[in-house]
1. Are any of the residues in segment 190-205 closer than 23 Å to Arg52 by Cβ, within 16 Å of ligand 2 (Cβ to nearest atom), small (Gly, Ala, Ser) and in contact with a Pro (Cβ under 9 Å, 6 or more places away or on another chain)?
2. If you go through segment 167-176 one residue at a time, do you hit one that is in a helix (DSSP H, G or I) and closer than 24 Å to Leu205 by Cα?
3. Given the residues Met183, Met189, which is the only one that is more than 17 Å from Pro109 (Cβ to Cβ), among the aliphatic types (A, V, I, L, M) and without any contact (Cβ under 8 Å) to a residue 60 or more places away in the chain?
4. Any idea which of (1) under 28 Å from Ala211 (Cβ atoms); (2) within 15 Å of ligand 1 (Cβ to nearest atom); (3) over 19 Å from the mean Cα position of the chain (by Cα) is the one Glu12 doesn't satisfy?
5. Can you confirm whether segment 144-156 contains a residue that is under 30 Å from Arg3 (Cβ atoms), outside any helix (DSSP H, G or I) and not acidic (Asp, Glu)?
6. Of all residues in segment 181-225 being loosely packed, with under 15 Cβ neighbours inside 10 Å and part of a helix (DSSP H, G or I), which is nearest to ligand 1 (Cβ to nearest atom)?
7. Under 9 Å between Cβ atoms, which residue pairs at least 6 apart in sequence (or on different chains) link something in segment 25-44 that is over 15 Å from Phe4 (Cα atoms) and touching a residue at least 24 places away in the same chain (Cβ under 8 Å) with a partner that is charged (D, E, K, R) and within 16 Å of ligand 1 (Cβ to nearest atom)?
8. Mind listing whichever residues of segment 157-177 are more than 26 Å from Ser30 (Cα to Cα) and either touching an Asp or Glu at 6+ places or on another chain (Cβ under 6 Å) or buried (at least 19 other Cβ atoms within 10 Å of the Cβ) (or both)?
Amino acid sequence: MVRFEGVGLRYEMASKAGASPEVLHDLNFSLSEGVFRWLLGPSGAGKTSLLRLMYLAVAPTRGRLLVLGTDVSRAPRRSLPRMRRRIGVVFQDFRLLPHLSAFDNVALPLRIAGRPEGQVRADVTEMLRWVGLAKRLMAFPSELSGGEQQRVAIARAVIARPSLLLADEPTGNLDDTQAERLMQLLSEMSRLGTTVVVATHNERLVARHPAPALLLDNGRLVGHQ
Ligand SMILES: Nc1ncnc2c1ncn2[C@@H]1O[C@H](COP(=O)(O)OP(=O)(O)OP(=O)(O)O)[C@@H](O)[C@H]1O
Ligand SMILES: [Mg+2]
């Protein structure tokens, strides 16, 4: 499903002359289908960068990375959008489309996949009800609280049942009850075969839901179960 072989990542810095520092070094691990992994480590350790590699927003600067069985550095660029459609992402900063309602944000992945509108309506309504937003379907992101926006972002990431689900601090704006509901959703997806990776600083949540973790420190994998 996902395999890192000696992967390093360096961001290109347009503003600065000279080589930028490597932010991820010598990553070696693999994730098989349907596993759940926490992604842990201090702020700046490289969690978001690691997720970016997995959702194909950046390419490794060295090493080999396989995502969904494809070597991403060898794959032609035109094949990436098709791969991305199989990856659900909850961004740390949500990235909802501001001109679309909560409903239309969540419907987007289904519409891109060409699902019939009747099914889109039913699935999106049910999903938004599940995350407690049944009454906010037509609200725009600017009219929603941080926690409400985060729940829309979660709904959008899972609605099309992706093969790989990557969540970056998905409980940052949620209360405990909502965070538990999210965990139910994620473990159900993993049970159905989605590979799930969740970056978090929420130690209580991790303690309540023991699972293997990828532990990053200063760009290195220092623990991997
Ligand atoms: N676009 C970028 N250009 C240059 N450097 C970057 C960029 N994004 C992140 N970095 C650097 O890469 C390192 C890892 O950042 P990253 O965002 O992956 O950390 P993180 O573990 O997600 O932190 P947090 O817990 O605060 O979200 C940091 O030193 C950061 O400054
Ligand atoms: Mg981050």
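Here, each number is a calculation from the coordinates, and none is a lab measurement. Not measured: the values here are computed from a predicted model. Ideal geometry is used to build each Cβ from the backbone, glycine not excepted, and the neighbour counts take in all protein chains shown.
1. yes
2. Step one: filter segment 167-176 for residues in a helix (DSSP H, G or I), giving 176.
If we keep only those that are closer than 24 Å to Leu205 by Cα too, we end up with 176.
Yes, segment 167-176 has at least one match.
3. On the way: Met189 fails: more than 17 Å from Pro109 (Cβ to Cβ).
Going through Met183, Met189 in turn, just one is more than 17 Å from Pro109 (Cβ to Cβ), among the aliphatic types (A, V, I, L, M) and without any contact (Cβ under 8 Å) to a residue 60 or more places away in the chain: Met183.
4. Just one mismatch for Glu12, condition (1).
5. No, the conditions are met nowhere in segment 144-156.
6. Glu203
7. Cβ pairs passing all conditions: Leu40/Lys47; Leu40/Glu203; Gly41/Lys47; Gly41/Asp217; Pro42/Asp217.
8. We begin by selecting, within segment 157-177, every residue more than 26 Å from Ser30 (Cα to Cα); these are 172-177.
Leu174, the sole residue that qualifies.
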